[in-house]
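In what follows, a single structure is set out as structure tokens and then discussed.
Every number in this text was worked out from the coordinates using simple rules, so none of it is lab data. Predicted, not measured: the structure shown is a model, and the values here were computed from it. Cβ placement follows ideal geometry from the backbone for every residue including glycine, while neighbour counts extend to all protein chains displayed.
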Amino acid sequence: MGKDKKKTKKTSISGKKSKEQKKNKGVKYPKEPLFLDRNESQTGPVPEVYKFLKKVDMELLSWYSRDFMLGIKSRLSKRIADDYGFDEKHVLLSYGSEDLLKQIIHCYVNPGDKILIPREAWWYYKKVASERGGTNVEYPMKKGTMDGIPYYLYDVDTMIQIYNDTKPKVVVIASPNNPTGNRIDSKDLKRFLDATKDTVTMIDEAYWGFGSTENEYVKPYIDEYPNLVICRTFSKFFALAGFRIGFAFAGKNLDVLINFTTRYLGYNRVSEKLGEIALDNIDWYLKIGKQYEKDKEMMYRTFLNLKGFVPFRSFANFMLVDIPVEIRAGLKKYLDERNLKIKFLDEDAFRTEARISLGTKEQNKLLMDTIVKYCKEVDWK
Ligand SMILES: Cc1ncc(COP(=O)(O)O)c(C=O)c1O
């Protein structure tokens, strides 16, 4: 998975090439499915990660961490706390940010309670409240444009109104949001946090790092809003999804969560080291991020030149695109047959859209060329 592999040449018994082969002449499609459907990295982590893994020793594998003897949860939480100017107690570690969301809900939602979540959002938000007998209240996003490209926007007036009307126990904002790719504007965020100050509010920043590596607001916000928790992960920007490691900054009223997430025998020591290595090599990741930005521009342009396709500006490693219904099923089949797997969404908020996770420069070009090729073949113009 992940690397384009040469397709072996296949000809019919007569020695003649099939119609399909003639059509694909000169194009190398991956031999195995290329998964551009779960916002995973196709580049992988910084090379230092592999170097470290080659020399992992018995101590790291067989012994618990003794970081508790230093009065901290872990060296990684301490490292993050120092980088951001926090007391280590306020930095939480977890098994990915999925786990943080689950723990927040399990700490603060009781049967019958409501959680406030975006309607156009990651499907898991919609499921998690039910694990505690809670229910969802959804707030809608609105559509607009940013620098000439269609863009989703948080509608803060509506969000505040719904919040006041429904009094949820937990509020979730995602920035950048999945699958729409939009960020919440900083003034809007402040206004919303002022309104929800007394309620546990989670900002899911799983896609932090793509397009912006801003951090300056983290400490002031956590100081100002005692019920705020800002969640991040090493899965996306740092390309370590397989190691399942996330972290969060928690405000001073969130002792229940702080205690609940604390593991007295420590965390996964290998993951913690990998997290530190990733943080030491941010410049390497920024270079990869720059390529994503270039590729997204290329993809917006390409889609806008195709009849009926609507790409949405994204600050993440994926992009949402609305696909004309007339060719959606055909395009899906065409891409599937060529091992190009993007996510054709089929849920209440998204019936005609697909979400494309970005791959390498070559993979992104291959995908876009293939979509253009399909449109030509079916004479879609
Ligand atoms: C918006 C959002 N939040 C959180 C996650 C979970 O990421 P992880 O548990 O790998 O940190 C995902 C994964 O796709 C996501 O899309």
>> I'd like the distance separating the alpha-carbon centroids of the stretch 202-255 and the stretch 89-138, in whole Å.
In response: 15 Å
> What's the percent breakdown of Cα-Cα distances in the stretch 141-285 across 5 Å bins, shortest bin first?
Replying inline: 2, 8, 16, 20, 19, 17, 11, 5, 2, 0, 0
> From the phi of every residue in the stretch 30-44, what ³J(HN,Hα) in whole Hz does the Karplus formula 6.51 cos²θ - 1.76 cosθ + 1.60 yield, where θ is phi - 60° and glycine or proline is x?
Replying inline: x, 6, 9, x, 9, 8, 10, 10, 10, 6, 8, 7, 9, 9, x
> What distance in nm separates the simple spin-label points at Glu377 and Thr213, each placed 7 Å from Cα in the Cβ direction?
Replying inline: 4.1 nm
> Taking H as built 1.01 Å from N, whose amide H comes closer than 5 Å to the amide H of Trp122, not counting residues under 5 places away?
Replying inline: Asn178
>> Rg/Rh for the stretch 254-381 to two decimals, with Rh computed the Kirkwood way over all alpha-carbon pairs.
In response: 1.13
>> Can you tell me the length gained on complete extension of the stretch Glu138 to Glu224, counting 0.36 nm per residue apart and subtracting the Cα distance?
In response: 28.4 nm
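Determine, from the Cβ-Cβ distance of Lys54 and Arg191 and an R0 of 41 Å, the FRET efficiency 1/(1 + (r/R0)^6), rounded to the nearest 0.05. Intermediate values should be presented prior to the final figure.
Numbers: r = 50 Å, r/R0 = 1.21.
Efficiency at R0 = 41 Å is approximately 0.25.
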>> If amide hydrogens are placed 1.01 Å from N in the peptide plane, which non-local residues have theirs closer than 5 Å to the one on Met146?
In response: Tyr151
> Ranked by Cβ crowding within 10 angstrom, fewest neighbours first, how are Ser175, Ser186 ordered?
Replying inline: Ser186, Ser175
>> Suppose we keep just the alpha-carbon trace of the chain; what are its Rg and Dmax in angstrom?
In response: 22.5, 75
> By counting other Cβ atoms within 10 Å of each Cβ, how are Cys375, Cys231, Cys107 ranked from fewest to most?
Replying inline: Cys107, Cys375, Cys231
>> Give me the one-decimal nm value for the distance between modelled label points at Glu276 and Ala329, 7 Å along each residue's Cα-to-Cβ direction.
In response: 5.6 nm
> For the stretch 221-321, what is the largest minus smallest coordinate of the Cα atoms on each principal axis, given in angstrom and ordered from greatest to least?
Replying inline: 56, 31, 21
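Kindly provide the helix-only [θ] at 222 nm of the chain, computed as the sum of -39,500 (n - 2.57) over DSSP H runs of four or more divided by all residues, to the nearest 500 deg cm²/dmol?
Result for the chain, helices only: -11500 deg cm²/dmol.
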> Quick one: Arg328, Arg119, Arg183, fewest Cβ neighbours within 10 Å first, how do they rank?
Replying inline: Arg119, Arg328, Arg183
